Amino acid sequence: MSIQKIEAQSPEARSTDLIADNIAKLKAMFPELVTETAQGGKTTATLNVEVLKNLIGDATAADSEEKYGLNWHGKRRARQIALTPSTGTLRPCPDESVDWDSTQNLMIEGDNLEVLKLLQKSYAGKIKLIYIDPPYNTGKDFVYPDNFQDNIKNYLELTGQSTDGSKITSNAETSGRFHTDWLNMIYPRLRLARSLLAEDGALFLTLDDTEVANMRKVADEIFGEENFVANVVWQKKYAVANDDPGIGVMHDHVLVYRKSESFVRGLLPRTEQQNARYTNPDNDPRGEWASDNYVSNKSKDERPTLWYSVRHPRTGDDVWPEEHAVWRYSKEKHIEIEREGRLYWGPDQSYKKPRLKRYLNEVQQGIVPPTWWTFEECGHNDEAQKETSTLIGQKVFSTPKPIRLIQRMLTIAAPPDSIVLDFFAGSGSTAHAVLKANSEDNGNRRFIMVQLPEPLSVDNNDQRSAALFCEQNGKPKNIAELTKERLRRAGQKVKSENPMFAGDIGFRSFKLDTSNIRAWNPNSSDIAGSLLANLEHIESGRSENDVLYEVLIKLGLDLCTDADLREIAGKPVHSIGGGTLMACLHEHISVADAEPLALGIAAWRDEQATAGATTAVFRDSAFENDVAKSNLAAILEQHGVKQVRSL
């Protein structure tokens, strides 16, 4: 058995190939629709359009110029960007994390487009709730100008990590592409977000009137019109500015889309005021109750079977509904209600018409969420600003969202064992809300936050306070650093407010970067030098942990999966996910090392009773020669480890 080498272009070195996945799904459903041809060592898939037309019967292709929907310049390219795999990686940053060894939460610094691609293998179909608060397209907010050829390179330039000269620009309305640029930014991200959602998951998205109409069309296309749930109106202010020259804007929109009909929305808790009307003045053994109307406003012509008389228990008189009304229940149901003692005639039977005793334990134990969310219920902009300013010690975020707003979303769409994703993390309010919700109901919700390290400048009046805060605290001047600091302080605040809470208040920090696996990029004028430079397959300056976590995420394991370390044959060996991945990235494996190393790995795997296949990974340049490599691979295969890879 030989060890398969993972090259820069290998599937194991890239994020999910969504195009290949789509082709595979089509081929599985309609084998005759896709043909594959091999040429020059590469397999090309061809879609037979004529077969497709036959499969859909009388349906005809729409004229692209007259098709209903939203189109704009760059839409096709935006769709391609979403389908292009990422070759980047996420580098672990334990020193910037909280409770690295035990936490199940993630804070990822990087361009969310690339991060969403990298998360596909590990988290596709697992996210219960995605909440995002993307840039509102005011003409000042940063817009993510994606590069189809090399988005990682583009990201490093934009965030000042490369010196090739690219600049961050605002999406000025005078550019003539005001809406187009915003749509090209949001479209591929929503496409990737949808594939991360569980079948019973939902997306909540806040935005203002500038893009809400366009966003409805885009989301209808990506999620399907049938999966639109609601356009919630959130009252984000409690007063209109007196100097507003127009009609004062008091609201934002919260668009809600589900992944599929499997989504079941949660109920809002009943308030004390709503429960207060239920009492038990007659010591009814069935518990607290409130009287309910017994009359319907339908006429006897509409509901003749509901027009009948009932006998008053005190006077013995026949009692009829009002002239233009009927009883709410049939004669048979009325007899049953009366027999059960649920007919209520008031104190001392003083009412002229009966009412129904409705018991609290029969009432739905929650309230259907409305589409109108007031600031009294969900907080407002000033509240959010005070929350973050108090926590940080000064104002550093321009437009944070209140914790109560996001907690309502969690109540509706994120049960206690959910994973919650926010890929425009900003002020970190989503993570704070998750921690707070867990502390209140002992939940185990996990969060994944993604934030671009957008640079902050002391020379920019809008950014000065935030930039100085980073400077004074010895942090790089960018927004992602503020997000991480909010998360650290939020965890401590939640713990101080709930000392008995023993849940997770930490997070693992990662940063987007180029792959650890060196791509073959020869210098045509010095081929010999290029060969020597590429003997080592791992980029210089990368740690063992860097390489380990790239393998982990490219193989589709959770970034918070348990990891163990053991020395075998004098080499450090990592076991991830109970032996699902076993990696030895030591720099030298001799012929003499191969047998004891392989036997030790196999024994450890058996000890862990690993469920399913194990992938073993080694550093390609570590092997003394081909004999060491083939011996190790053969022994592992004999002991049931058939997937052996080298980097």
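The values are calculated or read from the model by the stated rules, or taken from the named source; none is laboratory data. Nothing here was measured: the structure is a model prediction, and the numbers come from that model. Cβ sites come from the backbone with ideal geometry, for glycine too, and all protein chains shown count toward neighbours.
Quick look at the values:
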quantity: Arg216 vs. criteria modelled with pLDDT of 95 or more, surrounded by fewer than 18 Cβ atoms within 10 Å (Cβ to Cβ) and assigned to a helix (DSSP H, G or I); calculated: yes
quantity: Ser389 in contact with a strand residue (DSSP E or B) (Cβ under 7 Å, 6 or more places away or on another chain) and either free of Cβ contacts under 8 Å to residues at least 12 places away in the same chain or assigned to a strand (DSSP E or B) (or both); calculated: no
quantity: Every pair of residues 6+ apart whose Cβ atoms lie under 7 Å, when the first sits in region 235-262 and is surrounded by fewer than 17 Cβ atoms within 10 Å (Cβ to Cβ) while the second is among the acidic types (Asp, Glu); calculated: Ser260/Glu199; Ser262/Glu199; Ser262/Asp200
quantity: Out of Phe223, Phe228, sole residue that is surrounded by fewer than 16 Cβ atoms within 10 Å (Cβ to Cβ), in contact with a helix residue (DSSP H, G or I) (Cβ under 8 Å, 6 or more places away or on another chain), within 19 Å of Arg191 (Cβ to Cβ) and in the same structural domain as Ala384 (by TED's automatic domain parsing); calculated: Phe228
quantity: Single residue of Glu323, Glu302 found to be surrounded by fewer than 11 Cβ atoms within 10 Å (Cβ to Cβ), without any contact (Cβ under 8 Å) to a residue 60 or more places away in the chain, at negative phi and out of contact with any Gly (no Cβ under 9 Å at 6 or more places or on another chain); calculated: Glu323
quantity: Tally of residues being closer than 12 Å to Arg645 by Cβ and not in a helix (DSSP H, G or I) across region 606-634; calculated: 6
quantity: Boolean, Ser291 is farther than 30 Å from Gly125 by Cβ and in a strand (DSSP E or B); calculated: yes
quantity: Residue count, region 363-378 (criterion: surrounded by fewer than 13 Cβ atoms within 10 Å (Cβ to Cβ) and assigned to a helix (DSSP H, G or I)); calculated: 1
quantity: Residues located in region 238-273, provided they are within 24 Å of Pro400 (Cβ to Cβ), out of contact with any Lys or Arg (no Cβ under 8 Å at 6 or more places or on another chain), modelled with pLDDT of 95 or more and of a type outside the set (Phe, Trp, Tyr); calculated: His253, Val254, Val256
quantity: Matching residues in region 191-213 - criterion: being assigned to a helix (DSSP H, G or I) and either aliphatic (A, V, I, L, M) or touching a Pro at 6+ places or on another chain (Cβ under 8 Å) (or both); calculated: Leu192, Ala193, Leu196, Val212, Ala213
quantity: Test: residue in region 611-623 that is of a type in the set (D, E, K, R), at pLDDT below 95 and within 23 Å of Asn516 (Cα to Cα); calculated: yes
quantity: Considering residues of region 464-484 that are assigned to a helix (DSSP H, G or I) and among the charged types (D, E, K, R) only, the residue surrounded by the most Cβ atoms within 10 Å (Cβ to Cβ); calculated: Lys484
quantity: Any hit, region 331-350, residues being among the hydrophobic types (A, V, I, L, M, F, W, C) and over 19 Å from Asn280 (Cα atoms); calculated: yes
quantity: Failed condition for Asn381, given (1) within 21 Å of Val256 (Cβ to Cβ); (2) in contact (Cβ under 8 Å) with a residue 60 or more places away in the chain; (3) in contact with a strand residue (DSSP E or B) (Cβ under 7 Å, 6 or more places away or on another chain); calculated: (3)
quantity: Any hit, region 400-416, residues being more than 30 Å from Val310 (Cβ to Cβ), outside the structural domain of Thr279 (by TED's automatic domain parsing), among the small types (Gly, Ala, Ser) and free of Cβ contacts under 8 Å to residues at least 60 places away in the same chain; calculated: no
quantity: Any chance Tyr136 is under 30 Å from Trp234 (Cα atoms), at pLDDT below 95, buried (at least 22 other Cβ atoms within 10 Å of the Cβ) and not charged (D, E, K, R); calculated: no
quantity: Condition check for Lys395: at pLDDT below 95, basic (Lys, Arg) and within 20 Å of Arg489 (Cα to Cα); calculated: yes
quantity: Residue that is farthest from Asp284 (Cα to Cα), among those in region 392-406 that are of a type outside the set (Lys, Arg) and not in a loop (DSSP other than H, G, I, E, B); calculated: Ile392
quantity: Residue selected from region 165-201 under the condition surrounded by fewer than 16 Cβ atoms within 10 Å (Cβ to Cβ) and closer than 22 Å to Lys117 by Cβ, by the criterion modelled with the lowest pLDDT; calculated: Ile168
quantity: Residue match in region 440-463 (condition: assigned to a helix (DSSP H, G or I), surrounded by 15 or more Cβ atoms within 10 Å (Cβ to Cβ) and of a type outside the set (Lys, Arg)); calculated: no
quantity: Residue within region 112-133 that is in a loop (DSSP other than H, G, I, E, B), modelled with pLDDT under 70 and either outside the structural domain of Glu539 (by TED's automatic domain parsing) or closer than 25 Å to Asp209 by Cβ (or both) present; calculated: no
